[in-house]
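Engineer: Can you keep this structure in mind? I'll have questions shortly.
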Amino acid sequence: MAECNPDISEIGQAISEIAENPVTGEVRIKLHDGRILQSSLGSGDRSSVLREVSYSFSSGMIRLESVRGDLFEVDPEGVRSESGRPPVVYLDQCHWSALSNSIFDRARISNEKDLEAAEQLIEWAESGRVIMPVSSAHALETSALFNERRQNLASTILRISRGWQMRSPVIVRMREMSEVLSGVYSVSAAPSEPDVFSLAAGAMNTKKLVIDASDLPPGLSRLTNRLTAFSTIYDVLMNPERVPSPVAGWHEHFNNVSGDPEFQARSPKQKEIDGRAIAVSDVLQEAVMTAHGLGIPVEERLASVLYERIDSMPSLRVYGDVIGHRLKNRAKWEPNDLIDILFLGCAAAYADVVVAERVATNYLQRSWGRRDRACPVVAKLPEAVEKLSHLLG
């Protein structure tokens, strides 16, 4: 029975640290009196690129070390509340590459101001003055690389993010829809995760990793989930083997719309309205799932309810406005535009500063419109440092 087993607080009275070598399966337990106990969980995983995963019962910190010597720390969950957290800076992959070069290959950065900005951001993140989260888009794009370049980039992202993640944009916009629909239909919504930027295990995943820890007390079960989730993603990203990225066909629909004579004959304002309508149409399957979860009968007016209230859904609003802006300007749509719009759009809706590549910065800024705050998106690292300097005081 779970209640007969000691939970994490009781274990922490005797044990100061527990560590495992994923390669060999060896476990080391350090007691408060200084004694070391060693055991084995089996033969281990010889393909793992992690040498050690450890947990400190006193600090709540997870520490990981790669076989090649990279050291990572994951901040304990609950270390900061939503209201008391530092500014959040979301980097597009190209800017993570610049930070990686500033650590591993400084000669690749020709502009001294870019190098200084990269070093300043790293210093702020490692001192806890800013949060620089990783997302599943970063994981996907990093996995497409291989060998030392892959490991250097992964090492940089994992070291500087310190376990902070941006939740899946799909989960974020489903939460937004849940709040709208529960209000319109006067139903109670189940409590949702309140933070878009989180230290929770697997926060950046769209589907939750299911770990059977039902026979463990709650605190120990939660720790098991955290150790498993973080060691898995760190192991995968630090592995030098390339993982081919799927090529999405999502963009072709928008190229067809952009080239349609009837659509192009519409007024610029109507094209913007169409962009929001297309955005709602794109997420209808998620809307139906959300409605089912709330016990709301799925009906035809579901789409119109969401469309009429899109301004109250920050991430979905950005998504719709970017689509409308790009359709209006007959932009050429590329396969990676889905990732950019989904992740950069979600970050723009909730982060304090977003650093994107030039094209994405342009369309995010130009489609921003009238909002309660200025567009947080910039195209260069020095611009991000300047914005943050004002925020940090």
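The values are calculated or read from the model by the stated rules, or taken from the named source; none is laboratory data. Small disclaimer: the values here were computed from a predicted structure and weren't measured. Neighbour counts are summed over all protein chains in view; Cβ atoms, including those assigned to glycine, are modelled from backbone coordinates with ideal geometry. For the accessible areas, the whole protein counts, side chains as well, though only heavy atoms, and no ligand, DNA or RNA atoms are used. Shrake-Rupley method; radii C 1.70, N 1.55, O 1.52, S 1.80 Å.
Engineer: Considering ARG129, ARG106, ARG167, ARG150, which residue is in contact with a strand residue (DSSP E or B) (Cβ under 7 Å, 6 or more places away or on another chain) and over 15 Å from VAL74 (Cα atoms)?
Structural biologist: Numbers: ARG129 fails: in contact with a strand residue (DSSP E or B) (Cβ under 7 Å, 6 or more places away or on another chain); ARG106 fails: in contact with a strand residue (DSSP E or B) (Cβ under 7 Å, 6 or more places away or on another chain); ARG150 fails: in contact with a strand residue (DSSP E or B) (Cβ under 7 Å, 6 or more places away or on another chain).
Being in contact with a strand residue (DSSP E or B) (Cβ under 7 Å, 6 or more places away or on another chain) and over 15 Å from VAL74 (Cα atoms) holds for just one of ARG129, ARG106, ARG167, ARG150, which is ARG167.
Engineer: Which of (1) at pLDDT 80 or above; (2) closer than 30 Å to SER9 by Cβ; (3) open to solvent by less than 100 Å² (accessible area, probe 1.4 Å) does ILE211 not meet, given it meets every other one?
Structural biologist: The number of the failed condition is (1).
Engineer: Enumerate the pairs (first residue in segment 232-245 and in contact (Cβ under 8 Å) with a residue 24 or more places away in the chain and over 13 Å from PRO22 (Cα atoms); second residue anywhere and open to solvent by less than 30 Å² (accessible area, probe 1.4 Å) and not in a helix (DSSP H, G or I)) with beta-carbon separation below 6 Å, excluding pairs fewer than 6 apart on the same chain, so at least 6 apart or on different chains.
Structural biologist: Pairs that qualify, where the first residue is in contact (Cβ under 8 Å) with a residue 24 or more places away in the chain and over 13 Å from PRO22 (Cα atoms) and the partner is open to solvent by less than 30 Å² (accessible area, probe 1.4 Å) and not in a helix (DSSP H, G or I), are MET238/VAL49; MET238/SER66; ASN239/VAL49; SER245/ALA144.
Engineer: State yes or no: is ILE62 within 24 Å of ALA154 (Cα to Cα) and modelled with pLDDT of 95 or more? Step through it out loud before you land on a result.
Structural biologist: Details: within 24 Å of ALA154 (Cα to Cα): yes; modelled with pLDDT of 95 or more: yes.
For ILE62, the condition - within 24 Å of ALA154 (Cα to Cα) and modelled with pLDDT of 95 or more - is met.
Engineer: Taking segment 337-356 as the search range and keeping residues that are closer than 23 Å to HIS390 by Cβ and open to solvent by 10 Å² or more (accessible area, probe 1.4 Å), which one is nearest to the chain's Cα centre (by Cα)? If you could, list the steps in order and put the result at the bottom.
Structural biologist: First, pick out the residues of segment 337-356 that are closer than 23 Å to HIS390 by Cβ: 344, 347-356.
Subsequent filtering for residues that are open to solvent by 10 Å² or more (accessible area, probe 1.4 Å) retains 349-350, 352.
Details: ALA349: 13, TYR350: 12, ASP352: 15 Å.
Ranking the qualifying residues of segment 337-356, first place goes to TYR350.
Engineer: What strands (runs of 3 or more DSSP E), lying completely within segment 1-58, carry at least 1 residues that are at pLDDT 95 or above and in contact with a helix residue (DSSP H, G or I) (Cβ under 6 Å, 6 or more places away or on another chain)?
Structural biologist: Filter on segment 1-58 gives 50-56.
Engineer: State which residue pairs qualify: first residue closer than 14 Å to LEU220 by Cβ and inside segment 9-24, second residue open to solvent by 30 Å² or more (accessible area, probe 1.4 Å) and of a type in the set (A, V, I, L, M, F, W, C) in any location, beta carbons under 6 Å apart, and separation of 6 or more residues or different chains.
Structural biologist: The qualifying pairs are GLY12/PHE57; ILE15/ILE29; ILE15/PHE57; ILE18/ILE29.
Engineer: If the Cβ limit is 8 Å and pairs must be 6+ apart or interchain, which residue in segment 362-377 that is within 13 Å of ARG317 (Cβ to Cβ) and of a type in the set (A, V, I, L, M) pairs with which residue that is open to solvent by less than 80 Å² (accessible area, probe 1.4 Å) and not in a loop (DSSP other than H, G, I, E, B)?
Structural biologist: Matching pairs, first to second residue: LEU364/VAL318; LEU364/VAL322; LEU364/LEU344; LEU364/GLY345; LEU364/ALA348; LEU364/VAL354; LEU364/VAL377.
Engineer: I've got another one for you. Restricting segment 119-146 to residues that are among the small types (Gly, Ala, Ser) and over 23 Å from ASN336 (Cβ atoms), which is least open to solvent (accessible area, probe 1.4 Å)?
Structural biologist: In the first step, residues of segment 119-146 are kept if they are among the small types (Gly, Ala, Ser); the result is 125, 127-128, 135-137, 139, 143-144.
This time we only want the ones that are over 23 Å from ASN336 (Cβ atoms), so: 125, 127-128.
Details: ALA125: 3, SER127: 76, GLY128: 21 Å².
Looking at residues that are among the small types (Gly, Ala, Ser) and over 23 Å from ASN336 (Cβ atoms), I get ALA125.
Engineer: Take the residues in segment 285-320 that are open to solvent by 60 Å² or more (accessible area, probe 1.4 Å) and of a type in the set (A, V, I, L, M, F, W, C); name whichever of them is modelled with the highest pLDDT.
Structural biologist: MET289
Engineer: Right, LEU115: open to solvent by 60 Å² or more (accessible area, probe 1.4 Å) and more than 18 Å from the chain's Cα centre (by Cα) or not? Steps first, answer last, please.
Structural biologist: On the way: open to solvent by 60 Å² or more (accessible area, probe 1.4 Å): no; more than 18 Å from the chain's Cα centre (by Cα): yes.
The answer is no for LEU115.
Engineer: Let me ask something else about it. Evaluate segment 289-298: report whether one residue or more is touching an Asp or Glu at 6+ places or on another chain (Cβ under 7 Å) and of a type in the set (Gly, Ala, Ser).
Structural biologist: Taking segment 289-298 as the starting set, the residues that turn out to be touching an Asp or Glu at 6+ places or on another chain (Cβ under 7 Å) are none.
Looking through segment 289-298, none of the residues is touching an Asp or Glu at 6+ places or on another chain (Cβ under 7 Å) and of a type in the set (Gly, Ala, Ser).
Engineer: As an exercise: evaluate ILE323 against (1) open to solvent by less than 20 Å² (accessible area, probe 1.4 Å); (2) out of contact with any helix residue (DSSP H, G or I) (no Cβ under 6 Å at 6 or more places or on another chain); (3) at pLDDT below 95 and give the number of the one condition it does not meet.
Structural biologist: So ILE323 meets the others, but not (2).
Engineer: Next up: Out of everything in segment 181-196 that is at pLDDT 80 or above, surrounded by fewer than 21 Cβ atoms within 10 Å (Cβ to Cβ) and not polar (S, T, N, Q), what residue ends up being nearest to GLU123 (Cα to Cα)? Walk me through how you get there before you give the answer.
Structural biologist: Start the filter on segment 181-196 by keeping residues that are at pLDDT 80 or above, which leaves 181-188, 195-196.
Within this subset, residues satisfying the condition of being surrounded by fewer than 21 Cβ atoms within 10 Å (Cβ to Cβ) are 182-188, 195.
Right, trim to not polar (S, T, N, Q) and you get 183-185, 187, 195.
Details: GLY183: 43, VAL184: 46, TYR185: 48, VAL187: 46, ASP195: 24 Å.
Here the answer is ASP195.
Engineer: Being of a type outside the set (Val, Ile, Thr), touching a residue at least 60 places away in the same chain (Cβ under 8 Å) and part of a helix (DSSP H, G or I): is that true of ALA125 here? Working first, answer last.
Structural biologist: Values: of a type outside the set (Val, Ile, Thr): yes; touching a residue at least 60 places away in the same chain (Cβ under 8 Å): no; part of a helix (DSSP H, G or I): yes.
So ALA125 fails the test.
Engineer: Turning to a different aspect of this structure: Go over the candidates ARG175, ARG149, ARG159 one by one and state the one that is part of a helix (DSSP H, G or I), surrounded by 15 or more Cβ atoms within 10 Å (Cβ to Cβ) and touching a residue at least 24 places away in the same chain (Cβ under 8 Å).
Structural biologist: Unique residue meeting the criteria: ARG159.
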